[in-house]
1. Say we look at segment 57-78 and pick out the residues that are in contact with a strand residue (DSSP E or B) (Cβ under 8 Å, 6 or more places away or on another chain) and free of Cβ contacts under 8 Å to residues at least 40 places away in the same chain; which of these is surrounded by the fewest Cβ atoms within 10 Å (Cβ to Cβ)?
2. Restricting to segment 19-34, name every residue that is within 14 Å of Leu73 (Cα to Cα) and open to solvent by less than 20 Å² (accessible area, probe 1.4 Å).
3. Looking at segment 16-85, what helices (runs of 4 or more DSSP H) fall wholly within it and have at least 1 residues that are among the β-branched types (Val, Ile, Thr) and touching a helix residue (DSSP H, G or I) at 6+ places or on another chain (Cβ under 9 Å)?
4. Name the single residue that is modelled with the highest pLDDT among those in segment 1-15 being over 16 Å from the mean Cα position of the chain (by Cα) and either in a loop (DSSP other than H, G, I, E, B) or surrounded by 12 or more Cβ atoms within 10 Å (Cβ to Cβ) (or both).
5. Restricting the first residue to segment 22-37 and requiring it to be more than 22 Å from Ile94 (Cα to Cα), which pairs with a second residue that is among the hydrophobic types (A, V, I, L, M, F, W, C) meet a Cβ separation below 7 Å and a spacing of at least six or different chains?
6. I'm trying to understand the selection: among the residues of segment 72-119, which are farther than 20 Å from Gln31 by Cβ and at pLDDT below 85?
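The values are calculated or read from the model by the stated rules, or taken from the named source; none is laboratory data. Please read these numbers as outputs of a predicted model, since none were measured by experiment. As a convention, Cβ positions derive from the backbone with ideal geometry for all residues, glycine included, and neighbour counts pool all protein chains shown. Note: areas computed on protein heavy atoms with side chains; ligands, DNA, RNA excluded. Shrake-Rupley method; radii C 1.70, N 1.55, O 1.52, S 1.80 Å.
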Amino acid sequence: MRRRHYREQRTGNAVVDIPVNCYQLIGVSSQAEKDEIVKSVMNLKGTEVDDGYTSDVVVSRQEVLMDVRDKLLFETDYAGNVKEKIPLKLSLRIPWRWLPAAACLLQEVQFSTDPPPNL
């Protein structure tokens, strides 16, 4: 695993794992249905961002939202599956350049759903 991080850093694709699940990042319950996920992402995409966000953060915010939506809709590892007894992933791996946008999104949704896991 360390080699992968090293290689990603050398190629300019440094990543970071944040202790937040995809559901928390978009402000929905981990029990949310697909239509709720899409609705939340679309609402967040359409929301006017606060003054003071740099243009890079605004662009990254949109990228984070699309990435999280895709992970929840198409990747069982991130979304989990109760029927198949697959737990949801409790952390999210994102590019370093997305970290400020993820922090802004968390502030916008104010961790309004499931409490963060005890790590």
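1. Applying the filter and picking the extreme gives Asp77.
2. Asn21, Cys22, Tyr23, Ile26, Val28, Ala32
3. 22-26, 34-46, 55-74
4. Ranking the qualifying residues of segment 1-15, first place goes to Ala14.
5. Pairs found: Glu36/Val28.
6. Matches in segment 72-119: Leu119 only.
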